[in-house]
Amino acid sequence: MLSNYPPGVTGNEYAIAGGRDIEVEYECSYEAKMVTLHTALDLVQKSPTIELAMQELVAQSEVVDRTVCGFKGIVDAEEFDNTAVLTCPWCGVEREIPVYPETGENSE
């Protein structure tokens, strides 16, 4: 049989065919850095330009609060080789998590 693929490549590989669409239960524990609006406005008012205010905001770690995303629920994912690739709908972080292939359940 003729094929456009090199020897040993079937076309079913993930890079060619993609994964299987599944839904998985996911709880996001990504720690996000946040700045309160009050803190940002205060820096903008004290700085001569917005650019300088943003530079100062990035440089000052004490003005940054940390919080956990906290999403918990069902998300769409793509599964290949018992690994689901998904994006958290709240914080946008892309994750790879192991799954049980027959059920699509998260094995973490």
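The values are calculated or read from the model by the stated rules, or taken from the named source; none is laboratory data. Please read these numbers as outputs of a predicted model, since none were measured by experiment. Positions of Cβ are backbone-derived with ideal geometry, glycine not excepted, and every protein chain shown enters the neighbour counts.
Looking only at residues in region 35-50 that are of a type in the set (S, T, N, Q) and assigned to a helix (DSSP H, G or I), which one is farthest from V99 (Cα to Cα)?
Taking region 35-50 as the starting set, the residues that turn out to be of a type in the set (S, T, N, Q) are 36, 39, 45, 47, 49.
Adding the requirement that they be assigned to a helix (DSSP H, G or I) leaves 39, 45.
Numbers: T39: 41, Q45: 50 Å.
My answer is Q45.
Output the residues belonging to region 17-56 that are small (G, A, S) and over 17 Å from the mean Cα position of the chain (by Cα).
A17, G18, G19, A40, S47, A53
Restricting the search to region 16-67, which residues are surrounded by 11 or more Cβ atoms within 10 Å (Cβ to Cβ), hydroxyl-bearing (S, T, Y) and more than 27 Å from P89 (Cβ to Cβ)?
S47
So A59 ticks every box in (1) over 30 Å from I16 (Cβ atoms); (2) aliphatic (A, V, I, L, M); (3) within 24 Å of the chain's Cα centre (by Cα) but one. Which box is left unticked?
All conditions pass for A59, except number (3).
Residues of region 8-29 being within 22 Å of F71 (Cβ to Cβ) and assigned to a helix (DSSP H, G or I), which ones?
Across region 8-29, there are no qualifying residues.
Out of the residues in region 71-108 meeting the condition of being at pLDDT below 95 and of a type in the set (G, A, S), tell me which one is farthest from Y26 (Cα to Cα).
Of everything passing the filter in region 71-108, G92 is farthest from Y26 (Cα to Cα).
Given A32, A53, which one is of a type in the set (G, A, S) and outside any helix (DSSP H, G or I)?
Exactly one residue qualifies, and that residue is A32.
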